[in-house]
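Notes follow once the structure below has been shown.
Values quoted throughout were computed directly from the atomic coordinates according to the rules given, and no laboratory measurement underlies them. All values derive from a computational prediction rather than experimental measurement. Cβ placement follows ideal geometry from the backbone for every residue including glycine, while neighbour counts extend to all protein chains displayed.
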Amino acid sequence: MKRILIDDDNATVRRGLRGVIQHHEDGDVCGEAIDGRDAIERALELHPDILLLDLAMPGMNGFDAARELAKLEPSVQILLCIVQLSTFVAREAEKRGIQGAVSKSKVSQITDGIAALLRHETFYCWPSD
């Protein structure tokens, strides 16, 4: 069972993502974080396989957290989960070494993204914007 850390500043979204993961046979939620700094601390403590990371959070945003995690915990694969995924954001995520980007409002994208990252593949849902 692969360990998945959820990072989002909204408790309702974290609960929703937890529910999605609980229905994914290969993943188990090992913890939750509320912003970028918390995600880094929790990742260093819990050593997850995958981090579901929000972009727009108070304090430290997802891109900055991903950059720090790449240095401190490079084995963690990151799936950027945001409300309004744009081509610009997906390209930026790819440029920054984030393994995938999906819309958190589309459950199938999240589950497909988790499955791809578990296979050590990248997964970007390129919107048509």
(request) Classify segment 55-120 as rounded, prolate or oblate from the Cα gyration tensor: take a ≥ b ≥ c as the square roots of its eigenvalues, call it rounded if a/c is under 1.5, otherwise prolate when a/b beats b/c and oblate if not. (result) oblate
(message) Please report the spacing between the Cα centers of segment 28-42 and segment 66-129 in Å, no decimals.
(response) 16
(message) Name the residue from L69, N10, H24 whose Cα lies farthest towards the positive end of the charge dipole of the chain, charges +1 on Cβ of Lys and Arg and -1 on Cβ of Asp and Glu.
(response) H24
(message) Tell me the volume per residue, in Å³, of the convex hull enclosing the alpha carbons of the chain.
(response) 87
(request) Treating only the Cβ atoms of Lys and Arg (+1) and Asp and Glu (-1) as charged, compute the dipole magnitude of segment 65-123 about its Cα centre; round to the nearest 20 debye. (result) 120
(request) Can you pull the one-decimal nm distance between simple spin-label points at M1 and V83, each 7 Å off the Cα toward Cβ? (result) 3.2
(message) Counting only other residues whose beta carbon sits under 11 Å from that of P58, what net charge do I get with K and R as +1, D and E as -1?
(response) -3
(request) Determine which residues of segment 106-124 fall in the zone a paramagnetic label at N10 would reach in this model, i.e. backbone nitrogen under 18 Å from the point 7 Å along Cα→Cβ. (result) 106-111
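Which peptide among 94-100, 51-57, 19-25 comes first, and what is the full order, when sorted by highest mean count of other Cβ atoms within 10 Å?
51-57, 94-100, 19-25
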